[in-house]
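Student: Have a look at the structure that comes next, please.
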Number of protein chains: 2
Amino acid sequence: MRRSTLEEVAALAGVSKMTASRALRGSSDVAEETRRRVQQAAERLSYVGNRLALSLSSQRTNLVAVVVPSMSNTVFPEVLSGITTGLAGTGMQAVFGISDYDEVKEREIIRDMLSWQPSAIIVTGLDQPHDTVRMLKSAGIPVIQVMDLDGTPIDFNVGLSHGDAGRDMAVALLAAGRKKIAYVGSALDKDLRAGKRKAAFQRVLAAQSLSFVSEQLDDGFSSIALGKRLTAHMLAAKPEIDCIYYSNDDMAAGGLFACMEAGIIVPSQIVLAGFNGLDLTDSLPAPIATSKSPRRAMGEAAARLITDAMKDGEKSSGEAGPKTIVFKPPITGLKQGWT
Amino acid sequence: MRRSTLEEVAALAGVSKMTASRALRGSSDVAEETRRRVQQAAERLSYVGNRLALSLSSQRTNLVAVVVPSMSNTVFPEVLSGITTGLAGTGMQAVFGISDYDEVKEREIIRDMLSWQPSAIIVTGLDQPHDTVRMLKSAGIPVIQVMDLDGTPIDFNVGLSHGDAGRDMAVALLAAGRKKIAYVGSALDKDLRAGKRKAAFQRVLAAQSLSFVSEQLDDGFSSIALGKRLTAHMLAAKPEIDCIYYSNDDMAAGGLFACMEAGIIVPSQIVLAGFNGLDLTDSLPAPIATSKSPRRAMGEAAARLITDAMKDGEKSSGEAGPKTIVFKPPITGLKQGWT
DNA sequence: CGTGATAACGGTACCGGTATCGATAACATG
DNA sequence: CATGTTATCGATACCGGTACCGTTATCACG
């Protein structure tokens, strides 16, 4: 059973291909009676339309390519969700690709995405290698880099400063009176943004002549289970620790569960801090500090940037809205006054 | 800066369009020297290739359309992740669409997906309305329905029986000596699979002349926060409950946190049971029972089904592998011998 | 009644690739 | 030297739509 074409619909309706095309797209110059016949023919053949042909012919796909590093962590799906809702009703459609935190794979995925001639492309972070950047630039479409601000954007940029986030958390934890601070993280070679948070955090410590009293690192991807395991290990070795900074909330939540099983009271004995502000963090039986990154909002902002850019492109007036949208993640779960 | 075309690459290399095409695709009958010249030309123009034209011309897109109801819950991203890894290296590419648990929106998304002429399509569940089914059938491509088995598949089917899962959990909880069982759920009108689990669970209870001693339902989507809130409410009203079945693990985890804050010991005083087997459930400070659904494996199985179907399609031999792949989720977090 | 405007529709040329068949040249072979 | 073979490349016809311009018929109007 082959898919039926516009030609077949037209034949069944007794009109030309061109008239059928106009009728189905709701053009004004086609008789009402003819339009009905064409629509019925399309219905009877359950005609679907070929967007390959449409896009090739009309020279616009209305596709937005999106490349994220992972789908396992909840944070990227949430950004994607924000993008799709932001794009809803605009006639644009998002297509997703996963790079697995791999630069080479990312370049191939981007090349693949670009071959579909998208109207815009959204990529994660600002740390693409040179050839990837070159490819993105020569695509001749709006490029939006999301999630991160620390670096030089190609075109548009939506996100937050992970350096600032790490710095602010360090300042807040020191202000809360914590001195023996440890670090637990994973896959820092892959997750560059977590690395930026950690580095900025350490700079604050160094300014106070402090440093992490202990570090637990792991190659595996972050997870609650991993955070729990590493934390249990660390606490057994260094019980004097009064605060742990994690690479993200998954790890921190695992850390909390490790503390609960070890009978350590959070946050009075030990303060745990992560990053992301997952929904989870609002419901945990003990508070963990976190920087609430507005993931869905960032996705929507990227989407709006694109729809705006398309509108400006039509008018070809140039000089559109801002090229950079900055989000500032508030810190939650940290009450002043702890000792 | 317009995207460069194959024609331009060919001109720069001093050959015809056809030869350039062959050179870039690694055809055997093109001189080594010519191939080099073409590749350099492509490199210099950072030529990307137009898959719209390619697919239109060659009549195959190697695209796999995937429609899931949501991206907020972790379970669907995990399935998607399984699909992409299962498709990796096969030359196929997955495209995702989100239906927001809405039948009308789902139909539009599917129509949209089909207009891209995918080589196969994966949809969630077996409960599509008639016109959607008709559209899927007349697409003339393999249709894979995933996640659920309870119903009549269109073509291929990968998943687990949610009826069985609900039944098995009920049996297991009764075997563990629980009698005063309550239910906490959300969005059952949208999440049909959760509804199937609940119905089957209730049938087991009814067979023992039992029924839920209390029910807390909510229209909102499932979340840890919602599970916590509903559970706290329920426990305050009916402290005699000794077991709660949840619509899924998110809700159950929230329930656990509510119990911990209320000073109720899990699982000795009250047993909590969910569904999905999220990674989270392995690390919680107290065990919750759950049915471990192999989400990533289901995605990979669906992908393999497709790649197999494509191979058979080439040979046109017909009568390929199985049309249905059944998964049986094991129950974890429930130790025999509790009283 | 000739003219022009308008409504409704068709014809043709693309869009950027690939399939298919042919053409050409170089070379080996009897 | 005529012929066949092989390697390499080009010309042409699509794929299924849309853009653009042209055509035809009808009707109002001076």
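Student: For A:ILE98, are the conditions met, namely being under 21 Å from the mean Cα position of the chain (by Cα) and under 30 Å from B:ALA139 (Cβ atoms)?
Tutor: Details: under 21 Å from the mean Cα position of the chain (by Cα): yes; under 30 Å from B:ALA139 (Cβ atoms): yes.
It is true that A:ILE98 is under 21 Å from the mean Cα position of the chain (by Cα) and under 30 Å from B:ALA139 (Cβ atoms).
Student: Oh, and also: Based on this model, can you work out whether B:THR290 counts as closer than 23 Å to A:ARG229 by Cβ, part of a strand (DSSP E or B) and without any contact (Cβ under 8 Å) to a residue 60 or more places away in the chain? Spell out how you get there, then give the answer.
Tutor: Values: closer than 23 Å to A:ARG229 by Cβ: yes; part of a strand (DSSP E or B): yes; without any contact (Cβ under 8 Å) to a residue 60 or more places away in the chain: yes.
Yes.
Student: Here are the criteria: (1) within 26 Å of B:ARG51 (Cα to Cα); (2) modelled with pLDDT under 95. Tell me which single one A:ALA53 does not satisfy.
Tutor: Only one criterion is unmet by A:ALA53, namely (2).
Student: A follow-up question, please. Can you say whether A:LEU192 is modelled with pLDDT under 95, surrounded by fewer than 22 Cβ atoms within 10 Å (Cβ to Cβ) and under 27 Å from the mean Cα position of the chain (by Cα), as far as the supplied structure shows? So that I can check it myself, show each step before the final result.
Tutor: On the way: modelled with pLDDT under 95: no; surrounded by fewer than 22 Cβ atoms within 10 Å (Cβ to Cβ): yes; under 27 Å from the mean Cα position of the chain (by Cα): yes.
Criteria not met by A:LEU192.
Student: Further question: Mind checking which residues of the range A:259-282 are open to solvent by less than 30 Å² (accessible area, probe 1.4 Å) and touching a Leu at 6+ places or on another chain (Cβ under 9 Å)?
Tutor: A:CYS259, A:VAL266, A:PRO267, A:ILE270, A:VAL271, A:LEU272, A:ALA273, A:LEU280
Student: Failed condition for A:SER57, given (1) part of a helix (DSSP H, G or I); (2) away from DNA strand D (no atom under 12 Å from the Cβ); (3) farther than 25 Å from B:ASP131 by Cβ, with all others met?
Tutor: (2)
Student: Regarding B:PHE156, is this residue within 11 Å of chain A (Cβ to nearest Cβ) and closer than 27 Å to A:ALA94 by Cα?
Tutor: Values: within 11 Å of chain A (Cβ to nearest Cβ): no; closer than 27 Å to A:ALA94 by Cα: yes.
Against the criterion (within 11 Å of chain A (Cβ to nearest Cβ) and closer than 27 Å to A:ALA94 by Cα), B:PHE156 does not qualify.
Student: Would you say B:LEU80 is open to solvent by 30 Å² or more (accessible area, probe 1.4 Å), in a helix (DSSP H, G or I) and touching a helix residue (DSSP H, G or I) at 6+ places or on another chain (Cβ under 7 Å)?
Tutor: No, not satisfied.
Student: Can you tell me how many residues within the range A:40-59 are open to solvent by 40 Å² or more (accessible area, probe 1.4 Å), more than 9 Å from chain B (Cβ to nearest Cβ) and either among the aromatic types (Phe, Trp, Tyr) or closer than 12 Å to A:GLU7 by Cβ (or both)?
Tutor: Total satisfying the criteria: 1.
Student: If you don't mind, there's one more thing I want to ask. Condition first: open to solvent by 30 Å² or more (accessible area, probe 1.4 Å) and closer than 21 Å to B:ILE110 by Cα. Now tell me which residues in the range A:1-27 satisfy that.
Tutor: The answer is A:MET1, A:ARG2, A:ARG3, A:THR5, A:LEU6, A:LEU24, A:ARG25.
Student: Same structure, new question: For residues that are part of a loop (DSSP other than H, G, I, E, B) and closer than 20 Å to A:LEU210 by Cβ, tally how many sit in the range A:231-273.
Tutor: Count: 9.
Student: Let me ask you something else. A:VAL30: open to solvent by less than 40 Å² (accessible area, probe 1.4 Å), in a loop (DSSP other than H, G, I, E, B) and more than 9 Å from every other protein chain (Cβ to nearest Cβ), yes or no?
Tutor: Yes.
Student: Another question, then. Identify, please: which residue in the range A:231-240 is open to solvent by 10 Å² or more (accessible area, probe 1.4 Å) and of a type outside the set (Lys, Arg) and is, among those, nearest to the other protein chains (Cβ to nearest Cβ)?
Tutor: In this case the residue turns out to be A:ALA232.
Student: Can you name the condition, by its number, that A:ASN62 falls short on among (1) touching a Pro at 6+ places or on another chain (Cβ under 9 Å); (2) open to solvent by less than 30 Å² (accessible area, probe 1.4 Å); (3) in contact (Cβ under 8 Å) with a residue 40 or more places away in the chain?
Tutor: (2)
Student: Looking at (1) without any contact (Cβ under 8 Å) to a residue 40 or more places away in the chain; (2) among the polar types (S, T, N, Q); (3) at the interface with chain A (Cβ under 10 Å from one of its Cβ atoms), which is the only condition B:SER81 fails?
Tutor: Checking B:SER81 against (1) without any contact (Cβ under 8 Å) to a residue 40 or more places away in the chain; (2) among the polar types (S, T, N, Q); (3) at the interface with chain A (Cβ under 10 Å from one of its Cβ atoms), the one that fails is (1).
Student: Just the residues that are under 15 Å from the mean Cα position of the chain (by Cα), of a type in the set (D, E, K, R) and within 13 Å of chain B (Cβ to nearest Cβ), please, taken from the range A:266-297.
Tutor: A:ARG295, A:ARG296, listed by residue number.
Student: While we're here: Quick check on my filter: what residues within the range A:128-141 are within 13 Å of chain B (Cβ to nearest Cβ) and open to solvent by less than 30 Å² (accessible area, probe 1.4 Å)?
Tutor: Answer for the range A:128-141, where residues must be within 13 Å of chain B (Cβ to nearest Cβ) and open to solvent by less than 30 Å² (accessible area, probe 1.4 Å): A:THR132, A:MET135, A:LEU136, A:SER138, A:ALA139, A:ILE141.
Student: Considering only residues that are acidic (Asp, Glu) and outside any helix (DSSP H, G or I), which ones fall in the range A:293-306? Break it down into steps so the answer makes sense when it comes.
Tutor: Within the range A:293-306, the first condition is being acidic (Asp, Glu), and the residues that meet it are A:300.
Answer for the range A:293-306, where residues must be acidic (Asp, Glu) and outside any helix (DSSP H, G or I): there is none.
Student: Now for a separate question. Just the residues that are near DNA strand D (Cβ under 8 Å from one of its atoms) and of a type outside the set (Gly, Ala, Ser), please, taken from the range A:32-54. Please lay out each step first, then the result.
Tutor: Residues of the range A:32-54 that are near DNA strand D (Cβ under 8 Å from one of its atoms), as a first pass: A:47-50, A:52-54.
The answer is A:TYR47, A:VAL48, A:ASN50, A:LEU52, A:LEU54.
Student: Look through the range A:217-230, keep the residues that are under 18 Å from A:ASP249 (Cβ atoms) and not in a helix (DSSP H, G or I), and return whichever of them is most open to solvent (accessible area, probe 1.4 Å).
Tutor: A:PHE221
Student: So, in the range A:298-314, of the ones that are small (Gly, Ala, Ser) and within 14 Å of chain B (Cβ to nearest Cβ), which residue ends up surrounded by the fewest Cβ atoms within 10 Å (Cβ to Cβ)?
Tutor: A:GLY313
Student: Which condition does A:SER223 not pass, out of (1) touching a Lys or Arg at 6+ places or on another chain (Cβ under 9 Å); (2) at pLDDT 95 or above, if it passes all the others?
Tutor: Exception for A:SER223: condition (1).
Student: Moving on to the next point. Within the range B:7-31, which residues are under 16 Å from B:ASN50 (Cα atoms), in contact (Cβ under 8 Å) with a residue 12 or more places away in the chain and away from DNA strand D (no atom under 11 Å from the Cβ)?
Tutor: Residues satisfying the conditions are B:GLU8, B:VAL9, B:LEU24.
Student: Let me ask something additional. For residues in the range A:98-110 being more than 8 Å from chain B (Cβ to nearest Cβ) and outside any helix (DSSP H, G or I), which is least open to solvent (accessible area, probe 1.4 Å)?
Tutor: A:SER99
Student: Give me the residue from the range B:60-75 that is at the interface with chain A (Cβ under 10 Å from one of its Cβ atoms) and within 16 Å of DNA strand C (Cβ to nearest atom) and, out of that set, farthest from B:ARG296 (Cα to Cα).
Tutor: Applying the filter and picking the extreme gives B:THR61.
The values are calculated or read from the model by the stated rules, or taken from the named source; none is laboratory data. Please read these numbers as outputs of a predicted model, since none were measured by experiment. Using ideal geometry, Cβ is built from the backbone for each residue, glycine included, and neighbour counts are taken over all protein chains shown. To get the accessible areas, we keep the full protein, side chains included, count just its heavy atoms, and leave off ligands, DNA and RNA. Shrake-Rupley method; radii C 1.70, N 1.55, O 1.52, S 1.80 Å.
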